[in-house]
Structure formats: structure tokens, C-alpha cells
Amino acid sequence: MKTSEQMIQVDEKGFYGKFGGAYIPEMLYPNVEELRENWEAIVASPTYQEEFQSLLKDFVGRPTPLYFAERLSASFGAKIYLKREDLCHTGAHKVNNTVGQIILAKKLGKKRIIAETGAGQHGVATATVCALMGMDCTIYMGELDIKRQRPNVERMRILGAKVVPAVSGSKTLKDATNEAMRAWIADPVGTHYIIGSVVGPHPYPEMVARFQSVISEEIKWQLLAKEGRENPDLVIACVGGGSNAAGAFYHYYNEAAVRLIAVEAAGHGIHSGKSAATSVLGTPGILHGSKTLVMQTEDGQVIEPHSISAGLDYPGIGPVHAHLHAVGRAEFVGVEDEDAMKAGILLSRTEGIIPAIETAHAIHALNQISFNPNDLIVINLSGRGDKDLETYIQWGNY
Ligand SMILES: Cc1ncc(COP(=O)(O)O)c(C=O)c1O
């Protein structure tokens, strides 16, 4: 019997244990309240579900394969499956959520969409669904990320989105999120803000997790068909804000025998001053509308994070992950830049799959955790490496 502390579920106010909630300026209150009051009923309605399921199948390409990685398994002495979110249309898991939110925005009568992006995958996924639905789209992106994820910037522009650079702070994901929040405050009524991870004020973290939970829903029946059991021994996923991990963990949160491994970016080393390992370096604070673990100084100034992967370069984690960490339900691992790059090459050469650098962190975690021979491991392959070619080239060690 689990205590309520150990059960992973959100309460009415959007809290997972001590983390979550909605800490927002007054101007946004009616908008966030509108969403909170309506999203579950809209998403549960038959007309919504019909459109959503049809787009997931025919536009996104779901279900994505659960692929047995034979050569990778042999090199680690375990049975490793890869959940192929990299094969989703647009190249990452992000589109599961943007399809979900764009239909919701349409049903709420919104005409304009804004979003933040780090690696550009969420920006591309948002620009894509806006093109699909004929909606006006503006994407906020840090100036540094615009440089290191250039192909995705051009994809967004080709799709008809306006890309606005965020030039404050470290010019990365946190700063882009700040800009998007500001733009939302300027036009709260006509605009829907498609947040791309399990962050932000309630109901976003749970809503995004629910859209991404299709990942673990599929893993369950796919594993049953392949292995005769729904539950693996371990599920491994990288964590920026935490949406692909939340999706991969969702249907296993309350299955105590399944180890959940959350992989953060340790940059140049967790304590090097150039890292994004929030579970180790963070303390409770408010970031982008929710209470969570935040990398911050004693007086509450956010510390600039660092990761070679734009999608993990974030000084917080979603509140559900802060809770999973606090109650010990998930094991957190920090993987350094150099090791992630090597793991990207390893996956390329053992399986013929060039992963996104975010995803490569999850692959390298296999070297940093213990498991038993023949354990059944599922790694969520959150995205493909096309966007990262320039970073691979500059790194050059292959
Ligand atoms: C391929 C890929 N994986 C992971 C992430 C990290 O985001 P999240 O933690 O929300 O899954 C990103 C973010 O852009 C991404 O593009």
C-alpha cells in the first residue's frame, strides 16, 4: 500500500507534493483560469478526441516503433529497447503536445499562437501545427540557440512563423520563456501560449504530461506484445523541462518495481559552474509560474545554466520531476557534454541512429547507473540529430 506521499498525482491546485501551483501576474489570471477550468472537459470530448487521435496517427505518425537495439544491448549486457520518438513528424516528441494544444486553442477561439523554444524542436512543432491550422505563429528563441540550432530556425521561417530573438541573460531557453510570458501578458485574450515542456503555471505541467503520456501508453502494449510483459525494469529519459521524461514515465509513476531514470545535463561537470543539473544544484523557488527546483543564488537570482544541448540548457525542472526527486521515486543522473557527444556517436555506429544531443545524454546514462544483466531497459529516444549536425561537426571527435 502506497502512502499518499509516494503516489505521483497532481492535486486540484496543480501541486505534486510541495511543487507546482500557478504563480502568475494578475494580467494572466483570467487566461490561465480559462484553461484550467476547460481543458480536461474539452480534451475528453468525442469531437476533440476524434481530431486528436486522427492527427496523431496520420500527421505525427503514431504509434512510434519500440525498437529492440540488438548491438547496443550486446555492448551493455542488457535488453535495450528504444522508443522511437525521433520518428515523429518534425523529428522529436514535442509535436505530441503541440497537436494537443493547437486543437485546444482552436476550441477556445484563440487566433494567435506564441511559444518559446530552446533546441528549436518545440518551435518547429508549433510552427508546423500552426501552418496546419492556419494560425498566426510567433516563436521566441534565445540568440545563442538561434545560432546553434540554425536549421530549425529556418524550418520555422519556411513554415511561416516569426522567430523573435531573446537577447537577455544567457540568451537561451529561460530567456526565451521570459519573452514569451511577456508577450502573453501583452495580449492575454487573443493568444494561446503553447508551452513546450512540463513547466509553467498549472494546468500546463499536467496538461503537457497528459499529451506526452501517449509515449508510455504505447510502450506498455508494445512491450507486452514483444516481451509478454507491460513493465520494463528501467525507463530512461533525458530531462530539460521534463516533457519527454514525463511522457515516458507517466503510466509507470505508480508501478514501484519500474526504475525511473531522469538524466540531466551536467555540462562541464556538475559543480563546474557550467552545468544544468538542477536536481543537485537547485533549491525550491518560483520559475516561469510554478514552484519547483531552480538553480538560483541565495537571494533568488537565477543562475545561468550551461549545456551543449540547447534543449537541456534550463535552470529548472518541471514540478513533477522536483517531486519525483524529493520522494525518491526517480533516480537522477547528470551526464557531461563530452560524454553525451560520445554516446551520440556510439548510437550512430551501433544502431545507425544519429540522436539529438539531448537524447544522447540518456544513452550515456547506461554507463553511470547499475542494472542487472538481462534487465529490460526502455530508453526514450526523444529526437533525431539532424538539427545538431553543426554541433557534431564542431565537436569533431568522430
Ligand atoms: C530532442 C529533444 N529531447 C529533449 C528535449 C528536452 O525537453 P523535455 O525535457 O521537455 O523533453 C528537447 C527540447 O527541446 C528536445 O528537442
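Couple of notes before you dig in:
- Along principal axes, Cα extents of segment 156-209, largest first, whole Å: 28, 26, 23
- For segment 81-213, the normalised intensity computed at q = 0.11, 0.13 Å⁻¹ comes to -0.34, -0.47 (log10 of I(q)/I(0), Debye sum over alpha carbons, equal scatterers, no solvent).
- Subset of K94/K387; K174/K291; K171/K342; K18/K171; K18/K291 violating a 19 Å alpha-carbon distance limit: K171/K342; K18/K171
- Percent of Cα-Cα distances greater than 20 Å, calculated over segment 150-239: 57
- Applying 1/(1 + (r/R0)^6) with r as the Cβ-Cβ distance of R229 and K57 and R0 = 30 angstrom yields a FRET efficiency of 0.70.
- Per-residue ellipticity at 222 nm computed for the chain from its helices equals -12000 deg cm²/dmol, with DSSP H segments shorter than 4 residues left out and the rest contributing -39,500 (n - 2.57).
- Highest mean packing first, where packing is the average number of other Cβ atoms within 10 Å per residue, the peptides 10-18, 220-228 line up as 10-18, 220-228.
- Cα point-scatterer Debye curve for segment 1-131, base-10 log of I(q)/I(0) at q = 0.19, 0.21 Å⁻¹: -1.20, -1.25
- Reported to the nearest whole Å, the Cα centre-to-centre distance from segment 238-307 to segment 351-365 is 19.
- Placing dummy labels 7 Å off each Cα toward the beta-carbon, the span from H271 to Y23 is 2.7 nm.
- For segment 284-362, convex hull of alpha carbons as volume per residue, Å³: 107
- Each Lys and Arg contributes +1 and each Asp and Glu -1, all at the Cβ; summed about the Cα centre of the chain, the dipole is approximately 620 debye.
- The fraction of Cα-Cα pairs per 5 angstrom bin, counted from 0 for segment 176-305, comes to 2, 10, 15, 18, 18, 14, 11, 7, 4, 1, 0 percent, rounded to whole percents.
- Two-decimal Rg/Rh across segment 25-85, once Rg and the Kirkwood Rh are taken from alpha-carbon atoms: 1.30
- Across the options H89, L66, G109, the greatest Cα extent toward the positive end of the charge dipole of segment 59-144 (unit charges at beta carbon of Lys, Arg, Asp, Glu) belongs to G109.
- Cysteine residues of the chain whose Cβ has no partner cysteine Cβ closer than 4.7 Å: C88, C238.
- Size of the chain as Cα extents on the principal axes (Å, biggest first): 55, 45, 43
- Comparing I194, I369, I270 in a Gaussian network model of the chain (Cα springs below 10 Å), the most mobile by mean-square fluctuation is I369.
- Reducing segment 1-62 and segment 75-150 to their Cα centroids gives an inter-centroid distance of 18 Å.
- Cα centre as origin, Lys/Arg/Asp/Glu Cβ charges: segment 137-261 dipole, Debye: 420
We did not get these values from a lab; they are worked out from the coordinates using the rules stated. Just so you know, these numbers come straight off a predicted model, no measurement behind them. Every residue, glycine as well, gets a Cβ built from its backbone with ideal geometry; the counts of neighbours run over all protein chains shown.
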